[in-house]
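Okay, structure first, notes after.
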Amino acid sequence: MELAVRGQLVPQDPRNEPASAMLRAAREEQRRLYSAGEIKKPMNVRALASTDAPHAIPTTWEWVRLGDIVAVLDFIRQPVKKADREARIAGKPKSALFPYYGATQRAGWIDDYLFDEELVLLGEDGAPFFKNGKHVAYVVSGRFWVNNHAHALRMLAGVNRFLCHALNQCNYDGFVSGTTRLKLTQRKMVDLPIPLPPLGEQQRIVAKVDELMALIDRLEAARDSREATRVALRDAALAALRDADSAEEVEAAWQRIAERMDDLFTDPADVEPLRQTVLQLAVRGRLVRQDAEEEATIDLLRRVAADKAQLVAEKKVRKSKPLPPVAKEEAPFEVPRSWSWIRLGHCLADGPTNGWSPRSVDHDTGVRTLKLSATTRGHFDGRHFKFVEADLDDNSPLWLRPRDLLIQRSNTPQYVGIAAIFDGPERTFIYPDLMMRCRVSERLSVEFVHLALIAPYNRSWFSDKASGTSQSMVKVNQQTVRSTIIPFPPLAEQHRIVAKVEKLMGLLDRLEGKLTSLKTVHGEYAAAAIGSLDT
């Protein structure tokens, strides 16, 4: 389309009558129509200076104002009644950015609103009309009715559908007004600069555009068909992986995916469903084999509880309210017999405790408080912090320590409750009021607890339990966090699961990086290919 309006899509023919002759004929036709009372008096347009030309055009073309080559058929129109909107013209795109409605005669319609000729409709107002400057104009023909949200333009002196292409490539900056609802007034519309080729060249350009667009439509249809097939195969492979009943079946399903990885996964966004599937398998006990000889979880939990009681007795941590056992109906899925369902509070040596948000400053104070973005992706990123004024001694409970588990207590429903393990240096970072800090018992794998918290079932659980009047910022409280249920395997199995997840996530990181690089290369190649057409 850009090549079309720059005169670079088809060759020029010196035998064609120059565009300047069309311009004179269009102005003469305007005067005739006005004298005959068929149109209102055309608005005067501003003279077109050389500096007004947006880009270079062939010497046989002319830069003109839109008002020079069209007759504006706008009238003082009434708003469209809701009942009349049912009469949309059959075959017209429903995504049209301005509404135009059916041709059936109805009581109360004014003849001035009815047309029976080929016109260009140009969006007049509404936020979508000028989004990215695309698809603001359409050519319509036949008997139809135009409401007050579109300018109706009759093309003069042989000007054809090339005008529609030119309008859709226009830069409307400086011609539209408004913020939430943009508007293109008739006064500004007539001053739009339009490149005008000779009539013969217009016809060749329109024919070439139609030919190329038909080819592109076929290419898009073929691509969409291939993509639909790929997505179906990818989803089937993921379903087979999710539904595997044992570690052996998971290994076989993963091997089938690995053998066709390049065919099934072609976009970086394809990797995320695979990550979620790995997490889902991990917390369901299907990622690694169970070992009947390993210590029962109940004995491990008794020692964790004894350690917590000792800390309370020594007044190193506060005593927590007892938590009820996990009822059978609470469990979102079945786990192996050697596992137990427990609550997060049963795993903790301390917490959860809310953070503190002192006043931030723009200079280095030695005390960094984390931003929410430091943990939003489910892992710790120490680049997201701000310095604060805070006088803290070395033993302050606000200082974060390695292996601390951070949970966002307030965020959007998508991210509230997201957890990350702090792995930064000691006595460097504190955590804000919008986060909670938990310390998992040293007898347990904090990495496995983290996997359970970011697994799909718990992400949904946190979103459902969050409360707040604003959906842009909801909250969970400490009791909700402590009550979160965790599928709990023997300790040795926890470590095996974590190791397996880390291995698979590393593979997926590399896959995502590869796909991202390929996507960048494809984009650069496409840009270079298009650029070569311009030269």
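Which order do peptides 4-13, 454-463 fall in by mean Cβ count within 10 Å, highest first? Provide the component values of the computation, followed by the final result.
Working: 4-13: 16.9, 454-463: 18.8.
The packing order, highest mean first, is 454-463, 4-13.
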About its Cα centre, the chain carries a charge dipole, from +1 on Lys and Arg Cβ atoms and -1 on Asp and Glu Cβ atoms, whose size in debye to the nearest 20 is 1480 debye
If the chain between N395 and T516 were fully extended at 0.36 nm per residue, the gain over the current Cα-Cα distance would be 39.1 nm
Inter-probe distance in nm under a simple model that places probes 7 Å from Cα toward Cβ, at T365 and A309:
4.2 nm
Magnitude of the charge dipole, the range 297-489, Cβ model with Lys/Arg +1 and Asp/Glu -1, debye to 20
460 debye
When the distances between all Cα atoms of the range 1-57 are binned every 5 Å from zero, what whole-number percent does each bin get?
4, 13, 14, 19, 19, 15, 11, 5, 0
For the pair T229 and K386, the simple spin-label estimate (label points 7 Å beyond Cα toward Cβ) gives in nm 5.3 nm
How big, in percent, is the set of alpha carbon pairs in the range 297-489 lying more than 30 Å apart?
20 percent
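Using DSSP to define loop residues, name the GluC sites (Glu not before Pro) in the range 411-460 whose beta-carbon has at most 15 other beta-carbon atoms within 10 Å.
Working: sites: E426, E442, E447; in loops: E426, E442.
Sparse-neighbourhood loop GluC sites (Glu not before Pro): E426, E442.
Between the DSSP loop rule and a limit of at most 16 other Cβ atoms within 10 Å, which GluC sites (Glu not before Pro) in the range 1-53 are left? Write out the running numbers ahead of the final one.
Working: sites: E2, E28, E29, E38; in loops: E38.
For GluC sites (Glu not before Pro) across the range 1-53 that sit outside H, G, I, E and B with at most 16 neighbouring Cβ atoms in 10 Å, the list reads E38.
How much net charge surrounds A296 when only other residues with a Cβ under 13 Å from its Cβ are counted (Lys, Arg +1; Asp, Glu -1)? Walk me through the numbers on the way to the answer.
Details: positive: R302, R303, R337; negative: D291, E293, E294, E295, D299, E493.
Net charge around A296: -3.
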Selection from V312, S360, G424, by position along the positive dipole direction of the range 297-489 (Cβ)
V312
Of (1) 156; (2) 164; (3) 226, which is the value of volume of the Cα convex hull per residue in Å³ derived from the coordinates here?
(3)
Would you mind checking the tilt of helix 199-242 against the longest principal axis of the Cα atoms of the chain, expressed as 0 to 90 degrees and rounded to 10?
20 degrees
Loop trypsin sites (Lys or Arg not before Pro), the range 269-370, which have at most 13 other Cβ atoms in a 10 Å radius of their Cβ (DSSP):
R289, K315, K316, R318, K319, R337, R359
How much length is gained if the chain between R318 and S472 is pulled fully straight, taking 0.36 nm per residue apart and subtracting their Cα-Cα distance, in nm to one decimal?
52.1 nm
Before rounding to the nearest 500, sum -39500 (n - 2.57) across all DSSP H runs of length at least 4 in the chain and divide by the residue total; then give [θ] at 222 nm in deg cm²/dmol.
-12000 deg cm²/dmol
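Read-outs throughout are calculated quantities, based only on the coordinates presented, and are distinct from any laboratory measurement. In this text, all values refer to a predicted model and were calculated from it rather than measured experimentally. For neighbour counting, all protein chains shown are included, and Cβ atoms are generated from backbone atoms with ideal geometry for every residue, glycine included.
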